[in-house]
Amino acid sequence: MVLQWVANSRPPGLAGSIPVVGVLFKMVIKIDYEKCCWKDGKCTSCSCGGKCNGCVEACPTGALKREKIIVFDEDKCISCGLCVEACKHDAIVLEN
């Protein structure tokens, strides 16, 4: 997904500058299911009993959910990276 933006403000000291038009590329997450602790509908790294406090709970938009594996909904993702920070197993990365 490509997001376009227009910056109408002028940087200080650049009187008469024209608006800047740019293109931002949305980053998407990639999950390494070999490293991921959620397998076959349960946590395999501790005795939390499925009451994990990880990537799914960190996501503010609900782009991740637990099923048999962690399922990612790209349309809901805002590329904030909170899931990457929350993953204790380095199983999630942001990519262009």
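For segment 29-95: lysine pairs with Cα atoms under 22 Å, gap of 8 or more or different chains, count? Summing the qualifying lysine pairs gives 25.
Grab the beta carbon distance between K51 and C80, set R0 = 25 Å, and tell me the FRET efficiency rounded to 0.05. Could you put the intermediate results ahead of the total?
Values: r = 23 Å, r/R0 = 0.93.
The calculated FRET efficiency here is 0.60.
With the radius of gyration and the Kirkwood radius both derived from the Cα set of segment 29-95, what is their ratio Rg to Rh? Could the numbers behind the result be given before it?
Working: Rg = 10.9 Å, Rh = 11.8 Å.
Ratio of gyration radius to Kirkwood radius for segment 29-95: 0.92.
What does the charge count around G41 come to, taking other residues whose C-beta lies under 13 Å from its C-beta (Lys +1, Arg +1, Asp -1, Glu -1)?
Numbers: positive: K39, K42, K65, R66, K68; negative: D40, E67.
It works out to a net charge of +3.
FYI, it's all coordinate maths here, none of it is from the lab. All values reported here derive from a predicted model rather than from experimental measurement. Don't worry about glycine lacking a Cβ; one is built from the backbone with ideal geometry, like all the others, and counts go over all protein chains shown.
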